[in-house]
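Remarks on the structure that follows.
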Amino acid sequence: MSWRRRWPPTLEVERLFSSYGRTKVLTVMLESGELNISEITRRSGLSHSSAARHLEFLERSGILSEKKFNRIRIFRVERTNPLVGALAKFMSDWKAAEDPLIRGQYA
């Protein structure tokens, strides 16, 4: 299914970033590209049910896609969605700007 058919036309960036847990899952996925749900929960520090809820939202939004192999669920960043590229650039720029702040260079 194309990301265009799944992306809700009214999804606002505020809704995407409105949840700390969703932002954690999004960060983990953008850094990794493809993971199973157990690894996502481990890296994000979220419970399985919380991670599953955020993954469902991100999948419905067209940011992630899911593959099932029996009981194993694999999530992959949907690189064909142009908004994913914008999100990845935003996260990268944010980390680059945050790093000097953490080291105290702008104190």
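The values are calculated or read from the model by the stated rules, or taken from the named source; none is laboratory data. These figures come from a predicted structure and were not determined experimentally. Glycine also receives a Cβ, built like all others from the backbone with ideal geometry; neighbour counts cover every protein chain displayed.
Name the single residue, out of those in region 29-70 being closer than 25 Å to Ala86 by Cβ and hydroxyl-bearing (Ser, Thr, Tyr), that is modelled with the lowest pLDDT. This residue is Ser61. Residue count for region 37-54 under the criterion of being among the charged types (D, E, K, R) and either closer than 16 Å to Ser18 by Cβ or surrounded by 17 or more Cβ atoms within 10 Å (Cβ to Cβ) (or both): the result is 2. The set of residues from region 39-88 being within 13 Å of Thr27 (Cα to Cα) and of a type in the set (S, T, N, Q) comprises Thr41, Ser44. Considering only region 40-63, I want to know if a residue exists there that is closer than 17 Å to Glu12 by Cα and in a strand (DSSP E or B). Scanning region 40-63, I find no residue that is closer than 17 Å to Glu12 by Cα and in a strand (DSSP E or B), so the answer is no.
Reported count of residues in region 69-98, each being charged (D, E, K, R), under 18 Å from Arg43 (Cβ atoms) and assigned to a helix (DSSP H, G or I), is 1. For region 17-36, a residue qualifies if it is small (Gly, Ala, Ser) and surrounded by 15 or more Cβ atoms within 10 Å (Cβ to Cβ), and the qualifying residues are Ser19, Gly21.
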